[in-house]
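Here's the structure, in structure tokens; my notes come after.
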Amino acid sequence: MFMKTFEEKWTAWLDGKLSGKELEEFEASLPDKAAAEAEKGEAKKLGALLKEQLATHVLTNEEFFSHQLRERIAAVEAAEPAAGDTPATTTRWWTIPRLFWAGATSLAIFILCAFMVMREKRPSEQSQYLTQVLNARVDPAVSPGATISIFETKEEKVTVLWTEGLQSLPAEYAAK
Amino acid sequence: MKGSIFAAVFVLTISATQTWAAETIWSGLVIADNVAQPAPVPTELKPIDHKLKQLFGYDQFQIIGQSTKTLTSGQEDWLAWSKYFTLQVNARGQSGAGYVLDLKLWKQRELLLETQAKLSTRSPLVIKGPQVGSGQLLLVLLVR
């Protein structure tokens with residue numbers, strides 16, 4: 001059996017664990033019993049306070065579910081901050097007027113491009129498949145007022161240089 | 001092996017060049033008119049006779065002068081003539097899918113019409129000339 005130290009006996013006395021002869025001997029050894037009693041009272045108050053404050057709070061089912069939900073939301077928001085911003089930005093950008101203007105602008109660009117491509121393509125098709133009259137003239141002294149026009153027939157791919165107002169000649173000029 | 005491939009490519013290239021060089025241009029002076037009994041359309045005009053009838057409204061086409069020129073360099077000159085008319089052709093070389101030609105229509109020594117055209121190998125050229133009697137002089141050029 002070990003001898004208890006003063007501190008051990010003091011702690012046991014504060015906790016009310018001493019009894020009988022041991023209690024009498026310890027209280028007799030106290031130099032100022034009134035001060036010790038006061039200190040014992042303070043220690044009890046402190047212990048009660050700590051028990052009250054530090055006691056584990058048992059969650060009810062509703063509180064537990066709510067807590068889990070809040071933690072899940074917080075985790076999702078922390079993990080995907082950009083994704084959370086995107087729908088709000090999209091909603092703000094694609095308003096009806098902006099959609100209208102975007103569509104109108106795209107259509108205008110398409111028409112412009114189509115026009116330019118067709119305009120560039122036409123001469124190349126002409127030069128590749130059809131005969132082209134590069135220039136033509138009649139002598140105004142010989143045939144005053146004569147005119148010239150040029151056209152192509154797409155089906156037979158015939159190019160025609162059409163003159164009007166050339167000097168008419170008698171039938172004998174048809175001789176071979 | 002490499003030598004055989006090179007030879008084959010060389011032969012094909014030469015053949016292709018000869019094929020291009022074998023192209024000919026037919027040039028004709030044609031009198032178009034309407035008659036009760038039209039003569040058959042000349043063979044040379046068969047490819048475009050339907051179009052000639054549709055364009056000019058005549059039912060007979062007679063060749064009064066013609067020339068067929070085989071082009072080798074694309075720089076050749078030639079004439080197609082009748083008694084009173086002459087078509088003078090000066091080729092100015094090949095351009096794309098055709099030939100650049102300077103054309104002059106003479107009535108004896110009088111220049112009636114002057115033009116420059118790029119004659120496509122797939123597209124004939126028809127020139128409406130002066131009225132002759134009740135008919136019309138036409139100039140036709142096509143690549144064969």
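Check each residue of the stretch B:20-55 and keep those whose accessible area, probe 1.4 Å, is at least 50 Å² smaller with all protein chains in place than in the chain alone; give them in order of residue number.
In the stretch B:20-55, residues shielded by partner chains: B:LYS51, B:LEU55.
Cα extents of the stretch B:44-113 along the three principal axes, largest first, in whole Å?
37, 32, 18
Work out Dmax and Rg for the stretch A:5-60 from the C-alpha atoms and quote the Rg first, both in angstrom.
14.7, 51
Please list 3J(HN,Hα) in residue order for the stretch A:154-168, calculated via the Karplus relation 6.51 cos²θ - 1.76 cosθ + 1.60 where θ = phi - 60°; whole Hz, with x for glycine and proline.
The phi angles translate into 5, 5, 8, 6, 9, 9, 10, 9, 9, 10, 10, x, 5, 4, 6 Hz.
So what is the accessible area of the stretch B:2-143 per residue, in Å², with the probe set to 1.4 Å?
On a per-residue basis, 46 Å².
Count the net charge of all other residues whose Cβ sits under 14 Å from the Cβ of B:GLY57, scoring Lys and Arg as +1 and Asp and Glu as -1.
Taking every other residue near B:GLY57 into account, the sum is 0.
When we measure straight from the Cα of B:LYS107, which aspartates and glutamates land under 20 angstrom away, once same-chain ones fewer than 8 places off are left out?
The qualifying aspartates and glutamates are A:ASP139, A:GLU164, A:GLU172, B:ASP33, B:ASP77.
Order these peptides, A:12-19, B:110-117, B:75-82, by their mean beta-carbon neighbour count within 10 angstrom, highest first.
On the way: A:12-19: 14.1, B:110-117: 19.1, B:75-82: 15.8.
Put in order of decreasing packing, that is B:110-117, B:75-82, A:12-19.
Could you list which residues have their amide H under 5 Å from that of B:GLY129, counting only those 5 or more apart in sequence or on another chain, with H placed in the peptide plane?
Placed amide hydrogens put B:LEU137, B:LEU138, B:LEU139 under 5 Å from B:GLY129.
Work out the FRET efficiency for B:GLU110 and A:ILE109 from their Cβ-Cβ distance, taking R0 = 45 Å, and round it to the nearest 0.05.
Result of the calculation: an efficiency of 0.20.
Shielding by partners for B:105-117, please: the mean number of other protein chain Cβ atoms within 10 Å of each residue's Cβ.
5
Within the accessible area of the stretch B:2-143, what % is carbon and sulfur when the probe is 1.4 Å and the other protein chains stay in place? Before the final figure, lay out the partial values.
On the way: 3530 of 6530 Å².
On the stretch B:2-143, the fraction of accessible area on carbon and sulfur atoms equals 54 percent.
Using a loss threshold of 40 Å², tell me which positions in the stretch A:146-163 are less accessible in the complex than in their chain alone. Probe radius 1.4 Å, ligands and nucleic acids ignored.
A:GLU156, A:VAL158, A:LEU161, A:TRP162, A:THR163
Excluding residues fewer than 8 places away in the same chain, name every one of the lysines whose C-alpha is closer than 20 Å to that of B:LYS53.
Hits, sequence-local ones excluded: A:LYS154, A:LYS157, B:LYS128.
For A:GLU62 and A:GLU27 in the same chain, what is the full-extension length gain: residue separation times 0.36 nm, less their Cα-Cα distance, in nm? Walk me through the intermediate numbers first.
On the way: separation 35, 0.36 × 35 = 12.60 nm, distance 5.20 nm.
Answer, rounded to one decimal: 7.4 nm.
Using only Cα atoms, figure out Rg for the stretch B:2-143 and give it as a multiple of 2.2 N^0.38 Å.
Dividing the Cα radius of gyration by 2.2 N^0.38 Å gives 1.25.
Give the B-A buried accessible area in Å², both sides summed, 1.4 Å probe, nearest 100.
3400
The values are calculated or read from the model by the stated rules, or taken from the named source; none is laboratory data. Predicted model, so just to flag it, every value in this text is computed and none were measured. A quick note on method: Cβ atoms are made from the backbone with ideal geometry, for glycine too, and the neighbour counts reach across all protein chains shown. The accessibility values were calculated without ligands, DNA or RNA, using every heavy atom of the protein model including side chains. Shrake-Rupley method; radii C 1.70, N 1.55, O 1.52, S 1.80 Å.
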